[in-house]
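One structure below.
The values are calculated or read from the model by the stated rules, or taken from the named source; none is laboratory data. Please read these numbers as outputs of a predicted model, since none were measured by experiment. Cβ placement follows ideal geometry from the backbone for every residue including glycine, while neighbour counts extend to all protein chains displayed. Please note that ligands, DNA and RNA were not included when accessible areas were found on the heavy atoms of the full protein model with its side chains. Shrake-Rupley method; radii C 1.70, N 1.55, O 1.52, S 1.80 Å.
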Amino acid sequence: MASVLDSDRFVCPVCSVVSPDMPSSDPIASVVAALSDVLGDRVTTSAAAREHHGDDLSFHPGAHPDVVVFPRSTDEVQQVVKICAQHGVPMIPYGAGTSLEGHIHALHGGVCIDLQQMNKIVRVSPEDLDATVQAGVTREQLNHHLHDQGLFFPVDPGANASLGGMASTRASGTNAVRYGTMRENVMALRVVTATGEVIDTARRARKSSAGYDLTRLFVGAEGTLGVITEVTVRLQGIPEHISAAVCAFETLRGTVDAVIETIQLGVPIARIELLDPLQVDACNRHCGLDNPVAPTLFLEFDGSERSVAEQVETVQRICAEHGGQGFRWASDHMGRDELWKARHQAYWAGLALRPGCSAMTTDVCVPISRLSDCLTETHADLEASGLYGPVVGHVGDGNFHVLLLLDPEDAEERQRAEAFHERLVTRALANDGTCTGEHGVGCGKIRYVEQELGPAVELMRAIKRALDPDGLMNPGKVVRLEPA
Ligand SMILES: Cc1cc2nc3c(=O)[nH]c(=O)nc-3n(C[C@H](O)[C@H](O)[C@H](O)COP(=O)(O)OP(=O)(O)OC[C@H]3O[C@@H](n4cnc5c(N)ncnc54)[C@H](O)[C@@H]3O)c2cc1C
């Protein structure tokens, strides 16, 4: 898609001044000048920076912004937004760039607002178990800061994402089964709206009935309604005791049935993750392991020593009843890491199965009672399709990913993969599930959201038009402004 700036006409303001023969009517030229007045050398049009900020890990074609800026405060973000709004230039907020559905691609060019330099931990209240951070603070940075106080922030999407990005994609990950997703863990947000107002969506009270829930409107909005500059989150005390376990199964159905029974019995499991045989094989090759090549559960338990021992005993029995073999577990740090190594490396191990491939990530989620059928049907479909697709599941939540590994030169294979994905989403929706459990919509899943939510999408369009009347906030993501 065409960019507002369709060539590299301008000199990077970091290295030099803006080209003197720049046409004054060019909106980007005026924007670059105005942004440089506010941010000085924290404005760049260098090709490398634009490319880096306009390409994610997905198979969606990249689209580069015209300019990248690095604000350090809410006030600076507000000034950036006002300049862009005044000149009618699109804005794309950027956290750590780890999203997987073309979320950060600048489909219409414009200004990428990179929040990585907004990396201050504003306050921690151990007595209230909450903290406020600037949007660019990463999950690992926050947890490192909290460790000495015996606290941690539980949402863990695997990648070292920013809290602003995680809030914006409504991220979750391996321990959502115990601690919830960003929806449950974000208490309040400071946001610069598309028109340049600064608002706080809530105070720090644990509950509130004060009006529309704007926090949850911006959680999952993917930068299409405003720029989050501060995030207030719930914290947890580091558990007294943690154990990890791994168990291989005879069949996929037996594996999932063990998960369902564990959840239905109310075992407060911290993590329960599934790898299918192809994914286990990939991890063995990538990490030099020798796990049995079979459907396998990776489990984590936390709580008091006694509670953990009871949980382990219960789950070990459930696993055995469903064909689980060789249940192994460990409580010390090294032993736990060793058991979970395969799970931690799953994404990169999957990619390494087919060097040079491009990866189409899928992300359906269904009610737990439907997981067994949905997953076994999907596995049969995968085999019939002749596609390469290791499966990883946050199965305690009914969420699983088939990572389709595609030859970028093979158009026919791509078509087969898209048809498979279409069937996968249709199957999830038929089971009252969703096309995306945690990755979000970006530009990749817009049509599936329309399929999933039908007339409700019209209300989303109305919200988008009301909050961003000129359509400048991350255009082309989450909803199409006009029905297809
Ligand atoms: C190996 C790997 C494993 C992953 N596993 C998981 C997983 O288990 N669970 C999961 O949920 N995700 C997972 N992801 C996806 C990714 O980590 C999440 O989507 C994450 O929340 C993105 O955060 P980010 O800071 O990288 O945001 P970015 O990618 O920079 O941005 C994501 C979206 O949020 C918007 N945005 C970013 N910051 C702001 C802000 N301050 N204000 C407004 N909008 C903003 C952007 O415009 C964009 O639309 C994985 C990714 C990788 C690479």
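Between helix 411-430 and the chain there is an angle of about 70 degrees, using the helix long axis and the longest principal axis of the Cα atoms.
Using a/c under 1.5 as the rounded threshold, could you call the chain rounded, prolate or oblate? The axes a ≥ b ≥ c are square roots of the C-alpha gyration tensor eigenvalues, and prolate needs a/b larger than b/c, oblate otherwise.
Working: a/c = 1.92, a/b = 1.50, b/c = 1.28.
It is prolate, given that a/c is not under 1.5 and a/b is the larger ratio.
Between ALA456 and ASP148, what length comes free when the chain is fully extended (0.36 nm per residue of separation minus the Cα-Cα distance, one decimal in nm)?
Details: separation 308, 0.36 × 308 = 110.88 nm, distance 4.53 nm.
106.3 nm is the gain from fully extending ALA456 to ASP148.
For the ranges 300-306, 98-104, what's the packing order if you count other beta-carbon atoms within 10 Å of each residue, average per peptide, and put the highest first? Intermediate results must be reported in sequence, preceding the final value.
Values: 300-306: 17.6, 98-104: 25.6.
In descending order of packing, they fall as 98-104, 300-306.
Each stretch of four or more DSSP H residues adds -39500 (n - 2.57); spread over every residue of the chain, this sum gives -11000 deg cm²/dmol at 222 nm. Relative to the dominant Cα principal axis of the chain, helix 27-39 is inclined by about 80°. For the chain, what % of the accessible area comes from carbon and sulfur atoms, probe 1.4 Å? Carbon with sulfur: 51 percent of the solvent-accessible area.
Taking label positions 7 Å along the Cα-Cβ direction at both GLU240 and ASP290, the computed distance is 3.9 nm, reported to one decimal. When you count the other C-beta atoms within 10 angstrom of each residue and take the mean per peptide, 141-153, 65-77, 113-125 line up highest first as 65-77, 113-125, 141-153.
For the pairs LYS82/LYS464; LYS82/LYS207; LYS82/LYS477; LYS82/LYS120, flag any whose C-alpha to C-alpha distance is greater than 28 Å. In this structure, LYS82/LYS207 lie more than 28 Å apart at Cα. Counting heavy atoms of the protein chains alone, LEU481 has an accessible area of about 70 Å² for a 1.4 Å probe.
Pairs of Cα atoms nearer than 8 Å and 6+ residues apart set the relative contact order; for the chain it is 14 percent. Remark: spin-label model distance LYS120-GLU197 equals 2.5 nm, labels positioned 7 Å along the Cα→Cβ axis.
Charges only on Cβ, +1 for Lys and Arg, -1 for Asp and Glu: so what's the dipole of segment 343-419 about the Cα centre, in debye to the nearest 20?
Numbers: 5 positive and 12 negative charges, 66 e Å.
So the dipole magnitude of segment 343-419 works out to roughly 320 debye.
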